[in-house]
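Colleague: Just passing along the structure, written as C-alpha cells.
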Amino acid sequence: MKPIWKRNIVVATVLLFVCTAVYLNWKYASNVADPGAAEETGQKILGESTLVSGEGDSAAAEGAAAGEGEEGTDGAGEGADYFAGARLTRQQARDNAISLLREAAESETADAAAATEAAETIQVVAGYAIAEAQIENLVTAKGDAQCVAFMGEDSISVEVSAEEGLAAEDVAKITEIVLAETDYTTDQIKVLEAN
C-alpha cells in the first residue's frame, strides 16, 4: 500500500510543477504580447533593446535628449556614432563588392582572365582594409579621438574629429602616417575634419 501512496505523491508533485510552469509561461507570454503594459509599469522586457545611437523609440530618445538617459548626454556620442556608422557603411560596401567579385570569379561562364582579375581585386580590397585599419589606429594613438580612412585607387581621405579644430601640426602628423603606411603621394592625401 505504501508504494502506491509514494507513487501518487510523486505524480502530484510533478503535476504541480507542470501546472506552475504552464502558468509562468502564460504569464511571460502575455507580457511579451502586450509590451505597452510593461512600459506603463516601468518593467523591462527580456530581449528588449534600444539602439545605442538613440534611434530607438521616441520616449528613449526624448529621455536621452533631456539628460535622463545614460548614452549621449554630453554630446560626445554623436561623433562616435558618425565614425562607427562610416566604418560600418564602408565595410558593408566592401563586403558587397567582394561578394560580387567572388561570384564573378566562381561563375561557370567566367574565363581564366576574369577570374584572375577578380581575385587580384579582392586582394587589393583586402589590402585597403588592412591599411585603413592601421592608419586609423596610428592616428588615434597620436592623439585624435576618432578617425576613419577611405582608400581609393588614386587617393585617400582621412577624416578626424578635432575638438579645437584641425591644426597644421595635426594635418602634418596624419599625412606623415599615411605616407609611411601607403604608396600615396602628398597631393593624393586629403585630411578632413568631421563636423
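Colleague: Which parts of region 129-159 would a label at Thr121 reach, counting a residue when its backbone N lies under 14 Å from a point 7 Å out along Cα-to-Cβ?
Modeller: So the set is 153.
Colleague: Just grab the label-to-label distance for Ala145 and Leu88, each label 7 Å out from Cα along the Cβ direction, in nm (one decimal).
Modeller: 2.0
Colleague: Also: For region 79-193, what is the convex hull volume of the alpha-carbon atoms per residue, in Å³? If you can, show how the numbers build up before the last one.
Modeller: Details: hull volume 10.3 nm³, N = 115.
Cα-based convex hull of region 79-193, divided per residue, equals 89 Å³.
Colleague: Can you divide the C-alpha Rg of region 115-168 by 2.2 N^0.38 Å and report the result to two decimal places?
Modeller: Details: Rg = 14.1 Å, N = 54, 2.2 N^0.38 = 10.0 Å.
With N residues counted in region 115-168, Rg over 2.2 N^0.38 Å equals 1.41.
Colleague: Could you compute the net charge surrounding Ala110? Neighbours are other residues with a C-beta less than 13 Å from the C-beta of Ala110; K and R count +1, D and E count -1.
Modeller: Values: positive: Arg102; negative: Glu103, Glu106, Glu108, Asp111, Glu117.
Here the charged neighbours net out to -4.
Colleague: Let me ask something else about it. For Asn25 and Ala114, compute 0.36 nm times the residue count separating them, minus their Cα-Cα distance, and round to one decimal in nm.
Modeller: Numbers: separation 89, 0.36 × 89 = 32.04 nm, distance 5.73 nm.
Contour length minus the Cα-Cα distance gives 26.3 nm.
Colleague: How much net charge surrounds Ala129 when only the other residues with a Cβ under 12 Å from the Cβ of Ala129 are counted, with Lys and Arg +1 and Asp and Glu -1?
Modeller: On the way: positive: Arg87, Arg90, Arg94; negative: Asp95, Glu132, Glu136.
Every neighbour counted, the sum reads 0.
Just so you know, all these numbers are worked out from the coordinates, no wet-lab data involved. Being a predicted model, the structure only gives us computed values, none of them experimental. Backbone-built Cβ (ideal geometry, glycine too); neighbour counts: all protein chains shown.
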